[in-house]
Amino acid sequence: LFYFFGKILVMVGLPARGKTYVAKRVERYLTFFHGCPTKIFHFSDYKKEVLGAENDISSYDPNAIETPEKRKQIAEIALQDLVDFLSMEVISGRVAIYDAANVERETRKWIFQELKDRGKVIFVELVCFNESILEENIRRTKISTPDCINIEDAVQEYKSQIELRELVYETIDEKVENIPFIKIHESGQKIEISGVHGFLPSRIVQFLLNVRISGQSTFFFSRHGQSIYNSRKQIGGDSSLTELGKRYARSLSEFVEEKISKDEHGKTRKARLWTSSMKRTIETARFIKHSQMGKDWVQMRQRVWRGLDEIYAGVCDGMTYEEIKEMYPLEYKARSENKLTYRYPRGESYIDIISRLDPLVHEMERIKEPLLVIGHQAILRVLICYFKGLPREQCLKIDVPLHTVLKVTVDTYDC
(Lines give C-alpha, C1' and ligand atoms only; values in the text may rest on other atoms or scores of the structure.)
Protein backbone atom coordinates (compact mmCIF):
# COMPACT_ATOMS: atom_id res chain seq x y z
CA LEU A 1 0.00 0.00 0.00
CA PHE A 2 1.38 3.43 -0.93
CA TYR A 3 -0.30 4.82 2.20
CA PHE A 4 2.78 3.72 4.14
CA PHE A 5 4.80 6.47 2.49
CA GLY A 6 2.73 9.08 4.34
CA LYS A 7 3.32 10.55 7.77
CA ILE A 8 0.46 11.46 10.11
CA LEU A 9 0.90 13.86 13.01
CA VAL A 10 -1.90 13.80 15.59
CA MET A 11 -1.97 16.81 17.91
CA VAL A 12 -2.78 16.26 21.60
CA GLY A 13 -3.39 18.78 24.37
CA LEU A 14 -5.78 21.00 26.25
CA PRO A 15 -7.08 24.23 24.67
CA ALA A 16 -4.65 27.19 24.42
CA ARG A 17 -1.54 25.01 24.48
CA GLY A 18 -0.46 26.09 21.01
CA LYS A 19 -1.54 23.01 19.03
CA THR A 20 -2.77 24.97 16.03
CA TYR A 21 0.28 27.23 16.06
CA VAL A 22 2.67 24.28 16.12
CA ALA A 23 0.68 22.49 13.41
CA LYS A 24 0.91 25.57 11.19
CA ARG A 25 4.65 25.97 11.79
CA VAL A 26 5.33 22.30 11.00
CA GLU A 27 3.15 22.47 7.87
CA ARG A 28 4.98 25.57 6.66
CA TYR A 29 8.42 24.11 7.44
CA LEU A 30 7.87 20.73 5.78
CA THR A 31 6.27 22.22 2.69
CA PHE A 32 8.92 24.89 2.20
CA PHE A 33 12.17 23.19 3.14
CA HIS A 34 11.43 19.56 2.33
CA GLY A 35 8.93 19.91 -0.47
CA CYS A 36 6.46 17.65 1.33
CA PRO A 37 2.79 18.02 0.38
CA THR A 38 1.41 18.81 3.85
CA LYS A 39 -2.12 19.59 4.99
CA ILE A 40 -3.75 20.32 8.36
CA PHE A 41 -7.17 18.93 9.22
CA HIS A 42 -8.59 21.15 11.96
CA PHE A 43 -11.22 19.52 14.16
CA SER A 44 -12.72 22.98 14.81
CA ASP A 45 -13.42 23.48 11.09
CA TYR A 46 -15.30 20.19 10.86
CA LYS A 47 -17.10 20.97 14.11
CA LYS A 48 -18.49 24.16 12.59
CA GLU A 49 -19.70 22.22 9.54
CA VAL A 50 -21.53 19.65 11.69
CA LEU A 51 -22.79 21.84 14.56
CA GLY A 52 -23.06 25.18 12.81
CA ALA A 53 -21.02 28.38 13.12
CA GLU A 54 -22.07 29.09 16.71
CA ASN A 55 -19.63 27.59 19.22
CA ASP A 56 -21.59 25.09 21.32
CA ILE A 57 -19.84 24.96 24.68
CA SER A 58 -21.73 21.76 25.56
CA SER A 59 -19.70 19.91 22.96
CA TYR A 60 -16.72 20.35 25.31
CA ASP A 61 -18.65 19.10 28.33
CA PRO A 62 -17.59 15.50 29.11
CA ASN A 63 -20.87 14.96 31.01
CA ALA A 64 -23.13 15.92 28.10
CA ILE A 65 -24.92 12.85 26.67
CA GLU A 66 -24.44 13.92 23.05
CA THR A 67 -20.70 14.70 23.35
CA PRO A 68 -19.15 11.30 22.50
CA GLU A 69 -21.40 10.80 19.49
CA LYS A 70 -20.91 14.34 18.23
CA ARG A 71 -17.15 14.31 18.60
CA LYS A 72 -16.71 10.87 17.05
CA GLN A 73 -18.94 11.82 14.13
CA ILE A 74 -16.85 14.94 13.52
CA ALA A 75 -13.58 13.02 13.93
CA GLU A 76 -14.66 10.33 11.47
CA ILE A 77 -15.33 12.94 8.78
CA ALA A 78 -11.98 14.64 9.41
CA LEU A 79 -10.02 11.38 9.40
CA GLN A 80 -11.67 10.24 6.18
CA ASP A 81 -10.57 13.47 4.50
CA LEU A 82 -7.10 12.93 5.95
CA VAL A 83 -6.89 9.41 4.50
CA ASP A 84 -8.15 10.68 1.13
CA PHE A 85 -5.39 13.29 1.13
CA LEU A 86 -2.71 10.68 1.77
CA SER A 87 -4.02 8.51 -1.06
CA MET A 88 -4.22 11.26 -3.68
CA GLU A 89 -0.86 10.44 -5.29
CA VAL A 90 1.56 7.54 -5.12
CA ILE A 91 4.49 9.63 -3.90
CA SER A 92 6.71 9.60 -0.87
CA GLY A 93 6.64 12.39 1.68
CA ARG A 94 2.99 13.35 2.12
CA VAL A 95 2.26 14.58 5.63
CA ALA A 96 -1.19 14.97 7.18
CA ILE A 97 -1.74 16.76 10.49
CA TYR A 98 -4.86 16.16 12.58
CA ASP A 99 -5.34 19.20 14.81
CA ALA A 100 -7.67 18.33 17.71
CA ALA A 101 -7.59 17.99 21.51
CA ASN A 102 -7.46 14.15 21.64
CA VAL A 103 -7.00 14.30 25.41
CA GLU A 104 -8.73 10.99 26.20
CA ARG A 105 -6.67 7.80 26.04
CA GLU A 106 -9.50 5.87 24.39
CA THR A 107 -9.76 8.53 21.68
CA ARG A 108 -6.06 8.21 20.88
CA LYS A 109 -6.32 4.42 20.83
CA TRP A 110 -9.21 4.62 18.35
CA ILE A 111 -7.35 7.13 16.14
CA PHE A 112 -4.23 4.98 16.12
CA GLN A 113 -6.22 1.90 15.12
CA GLU A 114 -7.96 3.86 12.36
CA LEU A 115 -4.75 5.29 10.90
CA LYS A 116 -1.90 2.87 11.62
CA ASP A 117 -2.36 1.07 8.29
CA ARG A 118 -2.52 4.36 6.39
CA GLY A 119 0.88 5.78 7.29
CA LYS A 120 3.40 6.39 10.07
CA VAL A 121 1.40 7.87 12.96
CA ILE A 122 3.10 10.15 15.51
CA PHE A 123 1.22 11.87 18.34
CA VAL A 124 2.45 15.34 19.29
CA GLU A 125 1.36 16.41 22.79
CA LEU A 126 1.77 19.91 24.18
CA VAL A 127 1.77 20.05 27.97
CA CYS A 128 1.59 23.41 29.73
CA PHE A 129 0.30 24.56 33.13
CA ASN A 130 2.25 27.82 33.37
CA GLU A 131 -0.43 30.44 34.02
CA SER A 132 1.44 33.31 32.39
CA ILE A 133 2.06 31.31 29.22
CA LEU A 134 -1.57 30.17 29.10
CA GLU A 135 -2.91 33.68 29.57
CA GLU A 136 -0.61 34.96 26.82
CA ASN A 137 -1.63 32.12 24.50
CA ILE A 138 -5.31 32.78 25.07
CA ARG A 139 -5.06 36.52 24.48
CA ARG A 140 -2.45 36.53 21.71
CA THR A 141 -3.36 33.35 19.88
CA LYS A 142 -6.91 32.25 20.50
CA ILE A 143 -8.58 35.65 20.32
CA SER A 144 -6.69 36.46 17.09
CA THR A 145 -8.83 33.97 15.19
CA PRO A 146 -10.89 35.58 12.42
CA ASP A 147 -14.24 34.82 14.09
CA CYS A 148 -13.40 36.44 17.46
CA ILE A 149 -15.64 39.46 18.20
CA ASN A 150 -15.62 40.18 21.94
CA ILE A 151 -12.18 39.73 23.52
CA GLU A 152 -13.18 39.24 27.15
CA ASP A 153 -16.01 36.87 26.25
CA ALA A 154 -13.58 34.85 24.14
CA VAL A 155 -11.10 34.68 27.01
CA GLN A 156 -13.74 33.39 29.44
CA GLU A 157 -15.03 30.92 26.87
CA TYR A 158 -11.61 29.39 26.30
CA LYS A 159 -10.96 29.21 30.02
CA SER A 160 -14.26 27.34 30.38
CA GLN A 161 -13.17 24.95 27.66
CA ILE A 162 -9.90 24.33 29.48
CA GLU A 163 -11.68 23.56 32.75
CA LEU A 164 -14.08 21.14 31.05
CA ARG A 165 -11.37 19.30 29.15
CA GLU A 166 -9.17 19.04 32.25
CA LEU A 167 -11.82 16.75 33.78
CA VAL A 168 -11.08 14.05 31.20
CA TYR A 169 -7.49 14.93 30.31
CA GLU A 170 -5.11 11.97 30.25
CA THR A 171 -1.54 12.73 29.23
CA ILE A 172 0.26 10.23 27.00
CA ASP A 173 1.91 7.53 29.11
CA GLU A 174 4.30 5.19 27.31
CA LYS A 175 3.77 2.59 30.06
CA VAL A 176 0.10 2.38 29.13
CA GLU A 177 -0.08 3.48 25.49
CA ASN A 178 2.01 1.75 22.84
CA ILE A 179 2.08 4.67 20.38
CA PRO A 180 4.89 6.79 18.89
CA PHE A 181 4.84 10.27 20.39
CA ILE A 182 6.61 13.57 20.90
CA LYS A 183 5.70 15.38 24.11
CA ILE A 184 6.66 19.03 24.64
CA HIS A 185 6.47 20.45 28.18
CA GLU A 186 6.02 24.10 29.17
CA SER A 187 6.63 25.73 25.80
CA GLY A 188 9.76 23.73 25.00
CA GLN A 189 11.45 23.52 28.42
CA LYS A 190 11.41 19.73 28.20
CA ILE A 191 10.72 17.25 25.40
CA GLU A 192 10.03 13.49 25.45
CA ILE A 193 10.33 11.24 22.39
CA SER A 194 9.28 7.61 22.00
CA GLY A 195 9.08 5.35 18.95
CA VAL A 196 10.04 8.07 16.46
CA HIS A 197 12.38 6.92 13.69
CA GLY A 198 13.40 7.91 10.16
CA PHE A 199 14.76 11.00 8.41
CA LEU A 200 11.61 13.12 8.11
CA PRO A 201 10.29 12.36 11.63
CA SER A 202 13.75 13.22 12.95
CA ARG A 203 13.65 16.57 11.16
CA ILE A 204 10.21 17.20 12.68
CA VAL A 205 11.62 16.46 16.15
CA GLN A 206 14.55 18.80 15.53
CA PHE A 207 12.17 21.54 14.40
CA LEU A 208 9.91 21.09 17.43
CA LEU A 209 12.94 21.35 19.69
CA ASN A 210 13.38 24.92 18.48
CA VAL A 211 9.94 26.29 17.67
CA ARG A 212 8.54 28.62 20.31
CA ILE A 213 4.93 28.02 21.31
CA SER A 214 4.22 31.38 22.94
CA GLY A 215 4.82 34.97 21.88
CA GLN A 216 5.55 36.69 18.59
CA SER A 217 8.70 36.61 16.51
CA THR A 218 9.88 39.82 14.86
CA PHE A 219 12.51 39.84 12.13
CA PHE A 220 14.13 42.77 10.34
CA PHE A 221 15.77 42.04 7.00
CA SER A 222 18.20 44.29 5.16
CA ARG A 223 20.52 43.79 2.24
CA HIS A 224 24.05 45.12 2.63
CA GLY A 225 24.77 48.64 1.50
CA GLN A 226 25.68 49.17 -2.13
CA SER A 227 28.89 47.29 -2.95
CA ILE A 228 31.48 47.97 -5.64
CA TYR A 229 30.13 44.98 -7.59
CA ASN A 230 26.59 46.40 -7.29
CA SER A 231 27.74 49.67 -8.82
CA ARG A 232 29.27 47.74 -11.73
CA LYS A 233 26.27 45.40 -12.10
CA GLN A 234 28.48 42.38 -11.37
CA ILE A 235 27.07 39.38 -9.52
CA GLY A 236 28.62 37.54 -6.59
CA GLY A 237 32.12 38.38 -5.47
CA ASP A 238 33.22 39.67 -2.08
CA SER A 239 33.67 43.37 -2.71
CA SER A 240 33.56 46.20 -0.18
CA LEU A 241 30.98 48.97 0.08
CA THR A 242 30.88 52.10 -2.06
CA GLU A 243 30.58 55.51 -0.42
CA LEU A 244 26.81 55.28 -0.89
CA GLY A 245 26.85 51.89 0.82
CA LYS A 246 28.83 53.30 3.74
CA ARG A 247 26.29 56.09 4.17
CA TYR A 248 23.56 53.47 4.36
CA ALA A 249 25.55 51.60 7.01
CA ARG A 250 25.54 54.73 9.18
CA SER A 251 21.82 55.30 8.59
CA LEU A 252 21.10 51.66 9.44
CA SER A 253 22.89 52.01 12.78
CA GLU A 254 20.62 54.95 13.63
CA PHE A 255 17.54 52.92 12.61
CA VAL A 256 18.67 50.05 14.83
CA GLU A 257 19.07 52.39 17.78
CA GLU A 258 15.58 53.85 17.40
CA LYS A 259 13.44 51.04 15.97
CA ILE A 260 15.04 47.68 16.81
CA SER A 261 16.85 48.21 20.12
CA LYS A 262 13.75 49.98 21.49
CA ASP A 263 10.13 48.88 21.61
CA GLU A 264 7.12 50.90 20.44
CA HIS A 265 7.15 52.78 23.78
CA GLY A 266 10.79 53.80 23.43
CA LYS A 267 11.99 51.38 26.09
CA THR A 268 15.30 49.57 25.47
CA ARG A 269 14.88 45.87 24.73
CA LYS A 270 17.23 43.02 23.93
CA ALA A 271 17.89 42.52 20.22
CA ARG A 272 20.10 40.38 17.99
CA LEU A 273 22.20 40.86 14.85
CA TRP A 274 23.18 38.32 12.19
CA THR A 275 25.31 38.85 9.09
CA SER A 276 26.84 36.67 6.41
CA SER A 277 30.60 36.13 6.34
CA MET A 278 31.04 38.42 3.34
CA LYS A 279 32.72 41.83 3.51
CA ARG A 280 29.74 43.85 2.34
CA THR A 281 27.40 42.64 5.12
CA ILE A 282 30.06 42.92 7.84
CA GLU A 283 30.91 46.46 6.70
CA THR A 284 27.20 47.34 6.69
CA ALA A 285 26.98 46.30 10.36
CA ARG A 286 30.17 48.06 11.46
CA PHE A 287 28.51 51.17 12.95
CA ILE A 288 25.86 49.29 14.97
CA LYS A 289 26.49 49.74 18.69
CA HIS A 290 27.11 46.75 20.97
CA SER A 291 26.42 47.94 24.51
CA GLN A 292 26.52 45.70 27.57
CA MET A 293 23.12 44.94 29.12
CA GLY A 294 23.55 43.20 32.46
CA LYS A 295 26.12 40.45 32.98
CA ASP A 296 25.14 38.06 30.19
CA TRP A 297 23.86 40.14 27.29
CA VAL A 298 25.66 42.27 24.70
CA GLN A 299 23.14 44.29 22.69
CA MET A 300 23.19 43.49 18.94
CA ARG A 301 26.18 41.19 19.36
CA GLN A 302 27.14 40.28 15.80
CA ARG A 303 26.85 36.64 14.82
CA VAL A 304 28.41 35.71 11.48
CA TRP A 305 26.86 32.83 9.51
CA ARG A 306 28.40 31.33 6.37
CA GLY A 307 24.95 29.90 5.70
CA LEU A 308 23.79 33.47 5.01
CA ASP A 309 26.35 33.99 2.23
CA GLU A 310 24.97 34.98 -1.17
CA ILE A 311 24.11 32.34 -3.76
CA TYR A 312 27.37 31.24 -5.41
CA ALA A 313 27.41 31.92 -9.16
CA GLY A 314 30.21 29.47 -9.92
CA VAL A 315 32.03 30.19 -13.20
CA CYS A 316 29.77 33.26 -13.61
CA ASP A 317 30.91 34.86 -10.37
CA GLY A 318 32.00 38.44 -10.97
CA MET A 319 30.30 38.72 -14.36
CA THR A 320 27.42 40.94 -15.42
CA TYR A 321 24.25 39.37 -16.82
CA GLU A 322 25.11 40.82 -20.23
CA GLU A 323 28.47 39.06 -20.11
CA ILE A 324 26.79 35.80 -19.12
CA LYS A 325 24.34 36.16 -22.02
CA GLU A 326 27.23 36.65 -24.42
CA MET A 327 29.64 33.99 -23.10
CA TYR A 328 27.14 31.36 -21.86
CA PRO A 329 23.95 31.82 -23.91
CA LEU A 330 22.56 28.37 -23.05
CA GLU A 331 23.08 28.98 -19.33
CA TYR A 332 21.47 32.41 -19.62
CA LYS A 333 18.45 30.84 -21.33
CA ALA A 334 18.17 28.00 -18.80
CA ARG A 335 18.27 30.45 -15.90
CA SER A 336 15.59 32.62 -17.50
CA GLU A 337 13.27 29.62 -17.87
CA ASN A 338 13.46 28.42 -14.25
CA LYS A 339 15.41 30.52 -11.76
CA LEU A 340 14.29 28.41 -8.79
CA THR A 341 15.95 25.16 -9.86
CA TYR A 342 18.65 26.57 -12.16
CA ARG A 343 22.16 25.93 -10.85
CA TYR A 344 25.10 28.01 -12.04
CA PRO A 345 27.93 25.87 -13.48
CA ARG A 346 30.01 24.86 -10.45
CA GLY A 347 27.70 27.06 -8.40
CA GLU A 348 24.38 27.00 -6.56
CA SER A 349 20.65 27.20 -7.22
CA TYR A 350 17.83 28.66 -5.12
CA ILE A 351 16.97 25.08 -4.11
CA ASP A 352 20.53 24.71 -2.81
CA ILE A 353 20.29 27.81 -0.63
CA ILE A 354 16.88 26.72 0.67
CA SER A 355 18.60 23.56 1.89
CA ARG A 356 21.49 25.63 3.26
CA LEU A 357 19.12 27.85 5.24
CA ASP A 358 17.22 24.96 6.85
CA PRO A 359 19.33 24.80 10.07
CA LEU A 360 19.39 28.60 10.35
CA VAL A 361 15.61 28.73 10.26
CA HIS A 362 15.53 26.29 13.19
CA GLU A 363 17.60 28.81 15.11
CA MET A 364 15.37 31.70 14.04
CA GLU A 365 12.24 29.85 15.19
CA ARG A 366 13.80 29.61 18.66
CA ILE A 367 14.68 33.29 19.05
CA LYS A 368 12.32 35.49 21.06
CA GLU A 369 14.18 38.80 20.76
CA PRO A 370 13.90 41.01 17.64
CA LEU A 371 16.49 39.92 15.08
CA LEU A 372 18.15 41.98 12.34
CA VAL A 373 19.54 39.91 9.46
CA ILE A 374 21.92 41.75 7.14
CA GLY A 375 22.21 39.56 4.09
CA HIS A 376 21.92 39.25 0.35
CA GLN A 377 19.04 39.39 -2.11
CA ALA A 378 18.61 35.65 -2.78
CA ILE A 379 19.05 34.72 0.87
CA LEU A 380 16.57 37.31 2.15
CA ARG A 381 14.06 36.41 -0.53
CA VAL A 382 14.00 32.83 0.75
CA LEU A 383 13.75 33.81 4.43
CA ILE A 384 11.00 36.38 3.86
CA CYS A 385 9.08 33.97 1.64
CA TYR A 386 9.18 31.27 4.34
CA PHE A 387 8.18 33.49 7.25
CA LYS A 388 5.36 35.06 5.25
CA GLY A 389 3.99 31.58 4.57
CA LEU A 390 4.34 31.80 0.80
CA PRO A 391 5.14 28.86 -1.52
CA ARG A 392 8.85 28.73 -2.19
CA GLU A 393 8.18 29.20 -5.90
CA GLN A 394 7.18 32.78 -5.08
CA CYS A 395 10.45 33.76 -3.43
CA LEU A 396 11.78 35.03 -6.78
CA LYS A 397 8.94 37.56 -6.93
CA ILE A 398 9.83 39.16 -3.60
CA ASP A 399 11.42 42.57 -4.01
CA VAL A 400 14.35 43.18 -1.66
CA PRO A 401 15.83 46.54 -2.72
CA LEU A 402 19.09 47.98 -1.49
CA HIS A 403 19.07 50.41 1.43
CA THR A 404 15.73 49.21 2.76
CA VAL A 405 14.73 47.44 5.98
CA LEU A 406 11.85 44.95 5.75
CA LYS A 407 9.97 43.83 8.88
CA VAL A 408 8.18 40.49 9.25
CA THR A 409 6.17 39.62 12.37
CA VAL A 410 5.20 35.98 12.79
CA ASP A 411 2.02 35.15 14.70
CA THR A 412 -0.45 32.27 14.77
CA TYR A 413 -2.95 33.39 12.17
CA ASP A 414 -1.00 35.84 10.07
CA CYS A 415 2.40 37.38 9.33
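Of the solvent-accessible surface of the chain, computed with a 1.4 Å probe over protein heavy atoms with every protein chain present, carbon and sulfur atoms account for 48 percent. Which angle between 0 and 90 degrees, to the nearest 10, do you get for helix 199-210 versus the longest principal axis of the chain when only C-alpha atoms count? Tilt of helix 199-210: around 80 degrees. Taking packing as the residue-averaged number of other Cβ atoms within 10 angstrom, the listed peptides 120-133, 11-24, 258-271, 160-173 run from highest to lowest as 11-24, 120-133, 160-173, 258-271.
Solvent exposure of the chain, expressed per residue, is 48 Å² of accessible area, with all protein chains present and a 1.4 angstrom probe. Calculated mean residue ellipticity, 222 nm, the chain: -11500 deg cm²/dmol, from DSSP H runs (n ≥ 4) at -39500 (n - 2.57) each, averaged per residue and rounded to 500.
Partner aspartates and glutamates whose Cα lies under 13 Å from the Cα of residue 48, excluding those fewer than 8 positions away in the same chain, are identified as 56, 147. The angle between the Cα long axis of helix 243-255 and the longest principal axis of the Cα atoms of the chain comes to about 40 degrees, rounded to the nearest 10. The packing ranking of peptides 392-404, 366-378, highest mean first, is 366-378, 392-404, where packing means the average number of other beta carbon atoms within 10 angstrom of each residue.
Listed here are the pairs 39/262; 183/388; 24/190; 19/270; 159/262; which of them are more than 31 Å apart at the Cα? In this structure, 39/262; 159/262 exceed 31 Å between Cα atoms. Using Cα atoms only, what is the angle between the long axis of helix 350-366 and the major principal axis of the chain, expressed in degrees (0 to 90) to the nearest 10? Result, in degrees: 60. Residues of segment 5-43 with an amide N closer than 18 Å to a point placed 7 Å from the Cα of residue 186 along the Cα-to-Cβ direction: 14, 17-18. Between residue 77 and residue 170, the simple spin-label model (points 7 angstrom out along Cα→Cβ) gives 2.7 nm.
The alpha-carbon of residue 233 sits under 13 angstrom from the alpha-carbons of these aspartates and glutamates, leaving out residues fewer than 8 places away in its chain: 317, 322, 323.
Between the amide H of residue 270 and any residue lying 5 or more places away or on another chain, no distance stays under 5 Å, with hydrogens modeled in the peptide plane. Inter-label distance, residue 326 to residue 360: 3.3 nm, where each label sits 7 Å from its Cα along the C-beta direction. Partner aspartates and glutamates whose Cα lies under 20 Å from the Cα of residue 295, excluding those fewer than 8 positions away in the same chain, are identified as 369.
Here r is the Cβ-Cβ distance between residue 88 and residue 45 and R0 is 22 Å; the resulting FRET efficiency, rounded to 0.05, is 0.70.
The values are calculated or read from the model by the stated rules, or taken from the named source; none is laboratory data. What you see is a predicted model, and the numbers here were worked out from it, not measured in a lab. In this analysis, Cβ positions are derived from the backbone assuming ideal geometry, glycine residues included, and neighbour counts consider all displayed protein chains. With ligands, DNA and RNA removed, areas are computed over all heavy atoms of the protein, side chains included. Shrake-Rupley method; radii C 1.70, N 1.55, O 1.52, S 1.80 Å.
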